[in-house]
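Please read the structure below before turning to the comments.
What follows draws every value from the coordinates through simple rules; no lab data is involved. Worth saying up front: this structure is predicted, and the values here are computed from it rather than measured. Cβ atoms come from the backbone with ideal geometry, glycine included; neighbour counts cover every protein chain shown.
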Amino acid sequence: MIELESIHRIFQVGEQQVHALNNINLTIKKGEYVSIMGPSGSGKSTLLNVISLLDQPSSGKYTLNNQVVTELNDDQLAQIRRKNIGFIFQFFHLIARYSAAENIEIPMILAGIPVKERKLRVEEALVDVGLQSRAYHRPDQLSGGQIQRVAIARAIIMRPQILLADEPTGNLDRRSGEEIIELIESLNQKKMTLVMITHDEILGCRAQRRIRLVDGKITQL
Amino acid sequence: MQYFDIINLAYKTVISHKLRSILTALGMVIGIASVIVLTSIGRGVHAFVLTEFTQFGTNLIAVFPGKTTTLGLSGATISTVRPLSIADAISLGELENIIAALPLVQGNARIETGKKQRRTTVLGVGAAVPEIWKIKVARGRFLPKNEQANPRAFAVLGDKLAAQLFAKTSPLGQRIRIGNDRYRVLGVMEKKGQMMGFDMDDTVYIPTAKALEMFNRESVMEIDLLYNKNTQVKAIEKQISNLLQRRHGREDFSIITQDQMLKSMDSILNILTLAVAALGGISLLVGSVGILTIMTVAVSERISEIGLLRAVGAEKAMIFKLFLSEALVLSVIGGVIGIFLGIFIVQSIKFMVPGLPVQLAWGYICTAFIISLLIGVIAGVIPAIKAARLRPLEALRSE
Amino acid sequence: MMVRDTLSFSWTAIKTQPLRVILIVLAMSIGITSVTILTALGESARLYIVNEFQALGTNLIIVLPGRTETTGGQPPLFGATPRDLTLADANALYRSHHIAAIAPISVGAAPVSIRGLEREVTILGSTSALRRVRHLSLSKGHFLPEMDIDRTLSICVIGQTIKDELFARQQAVGQWLRINDRRFRVIGVLASEGQSIGVDFDDMVIVPVASAQALFNTQSLFRILVETKSKEGMYKAVDDIRELIKLRHEGEDDVTLITQDSVVNTFDEILVALTLTVASIASISLAVAGILVMNVMWVSVTQRTAEIGLLKALGATQRQILWLFLTEAAMVSIAGALSGLLLGKVILLILQVSYPEFPLYLPMWAVFSALAVALLTALIFGVLPARQAAKMNAVTALNKR
Ligand SMILES: Nc1ncnc2c1ncn2[C@@H]1O[C@H](COP(=O)(O)OP(=O)(O)O)[C@@H](O)[C@H]1O
Ligand SMILES: [Mg+2]
């Protein structure tokens, strides 16, 4: 479902060109569990951003669900993202003034889903991530692990086919990190394609498929 | 920390938030500039009106028939059973300290020359017009002196009327018909322009007695008196009043001195200027709320910076001074640019619309500058207190 | 995304910065308050003056003796002329069938006395038609009776001030008073007109026009007031009057005609222009408030960059983000407009209570345009920051801390 063909991503920093992605060819099938590893600055996040349609490659062809997405404009990309892709960030990115439930609701608001259905789905999602008692807590009233659960609930609320996670445990202690990974993996078991960036070798090895990036190149598939 | 350092630090912060600072100062600029432009127009109108009122000379007193309390026109100007006569004017003219007296009748009649005719204003006056009203005779001469009681039929034309009736030929010595009588043209007045909407150039001057006869009136409408400028107006007023009361047996006239009128006019116009200044001040007020807002934002944004400064040993007073100076820098920059912009606009108006009376009101400009300083202090003080009161530990933790 | 959601999203964003928002609302409402008050004052003044002029009569034409050919100059309001308007001229106007009533006016000042009390008073000579033409009402007795225009009769109608000063509490109707050296019997007292522009009928004695002319030893009239049968007939009547007077004045067109319409219109235009000028000067402050809105929106876009990035990652389109920020600006501005209107209304109310004789009112269109202007200000000044937010690069925005 995700097909990347000779993708390059070059950043212009002043006079200098940074070749963050260098000729990436990668196909990820539906339901796969892929981990991306590599040293800091090797282009992991850049790759994930391209996959997530947040960033456009400098050259190359990206086909998502048999649709070439490299030529689409910003708003078209936003709509595909909204429907197909769930996001989990290292720094959680919850809106501080919103409660857990409201944060989970945001993607549905953007998609224009009616209020009634929204409430139902938020409730389900809270149960799924085990936070039903924390619905009305704001992020500053939750622990890191709980916050990341909220973020996961938000990522899956639109029932996307693809779940992308950029070091989801990077800001968590070991125990809550493990809980989060288990939660994410359980989603993969429900046929959600999972692409996860991680620093942690042990975590990375749990994936069926491991990709290693060095200096913007895939060195190991 | 030295004052210089504080100002310097504040200035650097202001500069580092370029867009924000520009917009904040812009609010001040607009406010100050509009105050300056509006007061300049107000001051210009003030000067314009006062010159209009003194272009007929200064040190004037007017006497009207009928006793009126208000400045409004009484029925007595139109007709009265107690007339003011030419004889009254003559004896007023003989008073000590009265330089000249002018009995005035105003009317409207048809003027005819051989071919042309025109309906216009007729002023029945005495020989003293050039002296009292400060109008010069352009050609020929004015009505002769010492024949007030029984004058010959002479006329003097206003500039525009002369042009209308005689075009290029010289009107001097020509005969014209005014109403039903024939007059000989003695002179032409220089161009004077409009005076409070009344075209002074489209008029003809004839002797008062002739005008009274023509309009079938007993009373003149007004007697204008020119007095010696070294004397007290009050004393002269008293003299006039006494004389007329003796002649008439009662007080059946009103005296209005130019002095009084100018004074009340002056205070009205000052109030007007103040009112437009206040109108512009609304924008200034809004601009100062802008500075207050932005300073509040600045404090809340830089809480951790404040924490850091406190942690490395800045006293409360220093933090206070820092934020206050920031507000001051903003408002002073805005104020100074506003003053320049205002002056520039005023000068442009002067240049582009010469007809519009504008005059830089320096008093208001200085006030505007002081106000911009004050605004800086007022708008800065509350956020600065807020910043100074922050506890260092909490401030540091806020990030 | 639904409108309701956009509104609630913006509302929660606003709620987090109460102080900041209160200040913007304050700025906006200062502008709106001053614009509303000034418009209300201007409009009220306009209505007041137009009403006053209309109360002078309906379909009124004023005939003045004399005519100036100076363009743009004043009509010869107080001047004398060699060929006067006479009672015969006035009578002749009845030949026009567009004319409903004619009131010749002769004016002068004379001392009025009763039992040693003396006072200089404006004497107005006219006919019974004056009452109709000028919409006068009486508090006691009768107005001048219908009679031949050139008959002298020693009767008079006095204004309220005269009555109070010369008769105090006594009955005035039926009493005699002396005007200069003639005796007149009071047949009526005018009802007080209160503050009125133009002539102060309270401080006046009205006598038959021929008696006034005899009193002042003159044949001439100060002016003639003419009421036409209809508004449409006004211009025909003007032509008729010109013709009739010309006929009587040896073919010379030597009168000035002023229609009530033209006077009302002139004042109307002047006051509308004045109101607009003052209101637009005051609305400079709205521009200043708009700049403040822009400034704060800019701050808020910068501070919420990460949030914008997140929304983009979650699939928000540019348009959605644009509207989120515009809505925020609009909400604040409208709040400012509403509180400004409220404050304006309160101040107007206070003014009304302090000056009850000057009716104040806030026109509906001013209320709506205040709201519209506030909204427009928000959109104009909000659009730049909002566009910046919408155009932001999602990845950089997300990584910004
Ligand atoms: N927006 C950007 N502008 C310039 N250089 C960038 C940008 N984003 C990433 N890079 C550069 O691209 C390279 C890859 O970055 P990234 O994908 O974030 O690495 P990581 O593997 O640590 O996630 C790095 O050298 C980084 O400096
Ligand atoms: Mg990374």
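Key figures
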quantity: Options B:GLY355, B:GLY334, B:GLY307, B:GLY313: the member that is touching a residue at least 60 places away in the same chain (Cβ under 8 Å) and either under 30 Å from B:ALA33 (Cβ atoms) or outside any helix (DSSP H, G or I) (or both); calculated: B:GLY334
quantity: Exclusive hit being crowded, with 19+ Cβ neighbours inside 10 Å, assigned to a helix (DSSP H, G or I), touching a Pro at 6+ places or on another chain (Cβ under 9 Å) and within 14 Å of chain B (Cβ to nearest Cβ), set C:THR33, C:THR39; calculated: C:THR39
quantity: Matching residues in the stretch C:82-139 - criterion: being touching a Pro at 6+ places or on another chain (Cβ under 8 Å), basic (Lys, Arg) and over 30 Å from C:GLN170 (Cα atoms); calculated: C:ARG83
quantity: Matching option when the condition is in contact with a helix residue (DSSP H, G or I) (Cβ under 9 Å, 6 or more places away or on another chain) and in a loop (DSSP other than H, G, I, E, B), among B:LEU143, B:LEU172; calculated: B:LEU143
quantity: Among the residues listed as A:THR63, A:THR70, the single one being farther than 24 Å from A:ARG210 by Cα, more than 12 Å from ligand 1 (Cβ to nearest atom) and surrounded by 14 or more Cβ atoms within 10 Å (Cβ to Cβ); calculated: A:THR70
quantity: Residue list for the stretch C:277-298, restricted to those being free of Cβ contacts under 8 Å to residues at least 60 places away in the same chain and hydrophobic (A, V, I, L, M, F, W, C); calculated: C:ILE281, C:ILE284
quantity: Residue ID - nearest to the chain's Cα centre (by Cα), chosen from residues in the stretch A:144-169 that are in a helix (DSSP H, G or I) and charged (D, E, K, R); calculated: A:ARG154
quantity: Residues being surrounded by fewer than 17 Cβ atoms within 10 Å (Cβ to Cβ) and among the polar types (S, T, N, Q) - total across the stretch C:313-365; calculated: 2
quantity: Single residue of the stretch A:1-37 satisfying the filter (crowded, with 21+ Cβ neighbours inside 10 Å and near ligand 1 (Cβ under 9 Å from one of its atoms)) that is farthest from the other protein chains (Cβ to nearest Cβ); calculated: A:ILE36
quantity: Residues satisfying the stated conditions in the stretch A:191-205, i.e. more than 16 Å from ligand 1 (Cβ to nearest atom) and either in contact with a helix residue (DSSP H, G or I) (Cβ under 8 Å, 6 or more places away or on another chain) or within 20 Å of A:SER52 (Cβ to Cβ) (or both); calculated: A:LYS191, A:MET192, A:THR193, A:LEU194
quantity: Matching residues in the stretch B:97-117 - criterion: being in contact (Cβ under 8 Å) with a residue 60 or more places away in the chain and over 33 Å from the mean Cα position of the chain (by Cα); calculated: B:ALA109, B:ARG110, B:ILE111, B:GLU112, B:THR113
quantity: Subset tally (residues that are within 17 Å of A:ILE88 (Cβ to Cβ), out of contact with any Asp or Glu (no Cβ under 7 Å at 6 or more places or on another chain) and more than 6 Å from ligand 1 (Cβ to nearest atom)) for the stretch A:38-49; calculated: 1
quantity: Within the stretch A:1-84, strands (runs of 3 or more DSSP E) holding 3 or more residues that are more than 16 Å from ligand 2 (Cβ to nearest atom); calculated: A:2-13, A:16-28, A:59-64
quantity: Some residue of the stretch B:274-291 being more than 30 Å from C:GLN17 (Cα to Cα) and either touching a Ser or Thr at 6+ places or on another chain (Cβ under 7 Å) or not hydrophobic (A, V, I, L, M, F, W, C) (or both); calculated: yes
quantity: Test: residue in the stretch A:90-105 that is within 16 Å of ligand 2 (Cβ to nearest atom) and touching a Leu at 6+ places or on another chain (Cβ under 9 Å); calculated: yes
